[in-house]
């Protein structure tokens, strides 16, 4: 055990050392990822009790004896990531050697090697982007910790990532400022230009991306290992996409851009795997909102700085699906119980889809008394909802419980109808249980991650086939 | 009340707007300081109860009924400062307008206005320093919050600022890398060079500065308003020094360097005054370690980036004195009780110096039984300590309680001696009470701040008279 730890640290240092000779940033990125992983698995078991002591704790509801676990432990991964990224700086940016100044910290008559950047992986100007990325992540961690500590209201925490993205957006404005996007070639011919300048709206778009990624990871949660697992899968998909460019692209600037993304993602993978080790079924720690926000922000930052935010959305299809599928409950079109976790059955040890009850059971279904006042059975809206739910059920996208009811009209005649009384809670997790049947918690998690990974691979293929067709410019094949 | 708030926000926006026309960074710095102040005084009363709810609370021991106050509220000032500094960026750094690229976020065929920097306050390269400063402060806040939450051990928290300074030092290495310091002209003549390159030791020196400033503010604490008050006084002294350069220096680079310091310090003054409003006697909130560390790090960052860390130490003379004065207790040469706060007497409402008892009272002073086993009366060391304490007492630097004792030597003869049994706890706060007599808490705080401010002004005068003489290079008069 100790031996393997020492070995992995030695390997990590070797990889970092190799970088210095061969100028291979990926090797030192892997080295730092290993070091990050080791630090995380060293710290988490040692700090768990401290977290419980200050009230960061929760019960795991999907286990027989509902064990008490420390919450918010993902904050450790996040902070370790930050410091990993600090120590990574000297390896990917070469020092400007300021030989002499007039003293007092002035840069006046310096002799710098600005021009001898043959050895530098990234131009010095990219350091500004790098620092703004780390600042943005650090702000997100700070706000995430505030959220975990203070139990911020949902409508406030939804916008937290936009606040955290402020340093990123402001530095983007100062340092780069490109606010135009490529348009599909069909539209381009019509407009006589290949790009459209969105101006200030581009910043709104970037803020929206920053809001979307963290929140979409945060709502696909509730099963041991799923928050971290989906982040790991996303990181893998992003990396596959990056390596497509690094190995096959003929544009040096495109290669550099995706190398930058790789440098941010590989250490992220390291600290996330360290967390996953403790969060995997049966979980010994919970990750907390801090990690979800942090992980989502890593992807948002990579997408924004790499200028591939449209591709990013393609990789988030499972999360987007989960959000759209949840909309009827999130906006209270159908009743939404306080918890939508799948139901754990102690006898079988399996997870079952949890159900939401649409109307009360007290023998008066005929009067149209629903649990949710919005869902009146006899209203046209109520009937529309029943129709939609029935269709979803036929498409196997919903598990329903139906009851026979007798409806009496105003003219005294009665009609016998079949009504949907219960539906599964509208989350991707429950849907997977509806489709694949009851599963043990870890199998459930693996199934979701497998689906996510397959969709991600498909998205990469689509991106480089249909995308090429749509935009006539792929940075990869052209 | 509401009217004055609106008025101050309008004035702030006016000052910021004025900057855009007149390129006056100081005006927008004041504008942001006012905004920061308003946000802080808006948030603190609203968040106090949330802090108490999660256990961040403490009793004010120097008040009649020991009221319960929220702790760690300085974190709010610190976070507001961070976001103020983010919004400040576009005002002091002009955007590089990247007109077009090949798409995909590449900078390849851009047309930028790198050369048209007549309008820019600071060169673009200074943005890297600025971002590293903010990163360092944000890391310090993160570690400070961890400290306030988890009650970190003293020997660990002492080194926290060194960890927080990592981004600053690494970026300094990458971006600037000057590790030489000026030497006094007497030595310079002997060495035949005016500077000495400290190499890697310079980073150790900077880390030491980063450790020193936050910790020295953190140990000069315990009276309502003192932590924030001393930070405000330090900021004022730093600003007076900066304005000396801005108004009188003939070196443009030196003016720019101190303008940068002003841009960091004025918003800091704003958020600190907001906190002081609530922490001043009688305090409604405690500031917590987070604020002390954050404030100290602001000064460390300003000193390091402005390359005037030696002058910085001159401004910290009261804190250095407090540390040296505390050394005998910190290192347990004389006994150190758990709390060294001055003693509050409920009847008079005044603060008295608190005392440390050197040996037990049970009638056996003659046997040399001391409370602290290290302080054996009959040892040469014990006698030396008694001698030193007596001298300090004669210099009015110590309040002592003496007792008459009879010491029996080995040969049976007895000797009557006067022994010091109690001394005031060795902090600057207690010393001020020893010299000026019992004071009400706010008068005590004002006295200490007055002394600090006077010493600071004296330090500025010394810096520009003796410093000029020593180094033959002042960046100001020459």
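The values are calculated or read from the model by the stated rules, or taken from the named source; none is laboratory data. Treat the numbers as computed from the prediction; the structure is a model and nothing was measured. All Cβ positions, even for glycine, are placed from backbone atoms using ideal geometry, and neighbour counts span all protein chains on display.
What the table below lists for this structure:
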quantity	calculated
Verdict on residue B:182 being within 12 Å of residue B:301 (Cα to Cα) and within 14 Å of another protein chain (Cβ to nearest Cβ)	no
Qualifying position, being within 21 Å of the chain's Cα centre (by Cα) and surrounded by 12 or more Cβ atoms within 10 Å (Cβ to Cβ), among B:318, B:353, B:337, B:328	B:318
Restricting the range A:188-201 to residues that are in a helix (DSSP H, G or I) and surrounded by fewer than 17 Cβ atoms within 10 Å (Cβ to Cβ), the residue that is nearest to the other protein chains (Cβ to nearest Cβ)	A:200
Residue within the range A:458-473 that is buried (at least 18 other Cβ atoms within 10 Å of the Cβ), touching a strand residue (DSSP E or B) at 6+ places or on another chain (Cβ under 6 Å), farther than 27 Å from residue A:344 by Cβ and at pLDDT below 95 present	yes
Sole exception among (1) modelled with pLDDT of 90 or more; (2) within 15 Å of residue B:128 (Cα to Cα) for residue A:94, by number	(1)
Qualifying residue in the range A:427-434 (condition: closer than 20 Å to residue A:382 by Cβ, modelled with pLDDT of 75 or more and in contact with a strand residue (DSSP E or B) (Cβ under 9 Å, 6 or more places away or on another chain))	no
Residue in the range A:209-218 that is away from every other protein chain (no Cβ under 13 Å) and at positive phi present	no
Residue list for the range A:48-75, filter: assigned to a helix (DSSP H, G or I) and within 10 Å of chain B (Cβ to nearest Cβ)	A:50, A:51, A:53, A:75
Residues (in a loop (DSSP other than H, G, I, E, B), farther than 21 Å from residue B:154 by Cβ and out of contact with any helix residue (DSSP H, G or I) (no Cβ under 8 Å at 6 or more places or on another chain)) located in the range B:327-358	B:346, B:347, B:348, B:349, B:358
Residue check for residue B:40: assigned to a helix (DSSP H, G or I) and surrounded by 22 or more Cβ atoms within 10 Å (Cβ to Cβ)	yes
Flag for residue B:128 being at the interface with chain A (Cβ under 10 Å from one of its Cβ atoms) and under 16 Å from the mean Cα position of the chain (by Cα)	no
Hits in the range A:244-267 - residues which are within 14 Å of residue A:463 (Cα to Cα) and either touching a strand residue (DSSP E or B) at 6+ places or on another chain (Cβ under 9 Å) or more than 10 Å from chain B (Cβ to nearest Cβ) (or both)	A:244
Number of positions in the range A:266-303 that are under 16 Å from residue A:35 (Cα atoms) and touching a residue at least 60 places away in the same chain (Cβ under 8 Å)	11
Matching residues in the range A:1-24 - criterion: being assigned to a helix (DSSP H, G or I), farther than 22 Å from residue A:77 by Cα and touching a helix residue (DSSP H, G or I) at 6+ places or on another chain (Cβ under 9 Å)	A:14, A:17, A:18, A:19, A:20
Set A:434, A:417: member being over 34 Å from the mean Cα position of the chain (by Cα) and either closer than 30 Å to residue A:184 by Cβ or surrounded by 12 or more Cβ atoms within 10 Å (Cβ to Cβ) (or both)	A:417
The range B:365-387, subset at pLDDT 65 or above and surrounded by 15 or more Cβ atoms within 10 Å (Cβ to Cβ), residue farthest from the chain's Cα centre (by Cα)	B:382
Residue B:204, sole failed condition from (1) surrounded by fewer than 21 Cβ atoms within 10 Å (Cβ to Cβ); (2) at pLDDT 90 or above; (3) farther than 19 Å from residue B:143 by Cα; (4) within 13 Å of chain A (Cβ to nearest Cβ)	(4)
Filter pass, residue A:185 being under 19 Å from residue A:464 (Cα atoms), in contact (Cβ under 8 Å) with a residue 24 or more places away in the chain and surrounded by fewer than 16 Cβ atoms within 10 Å (Cβ to Cβ)	yes
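Rundown of residues vs (1) more than 9 Å from chain B (Cβ to nearest Cβ); (2) buried (at least 19 other Cβ atoms within 10 Å of the Cβ); (3) part of a loop (DSSP other than H, G, I, E, B); (4) at positive phi, yes/no style:
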site: A:137; (1), (2), (3), (4): yes, yes, no, no
site: A:143; (1), (2), (3), (4): no, yes, no, no
site: A:149; (1), (2), (3), (4): no, yes, no, no
site: A:168; (1), (2), (3), (4): yes, yes, no, no
site: A:177; (1), (2), (3), (4): no, no, yes, yes
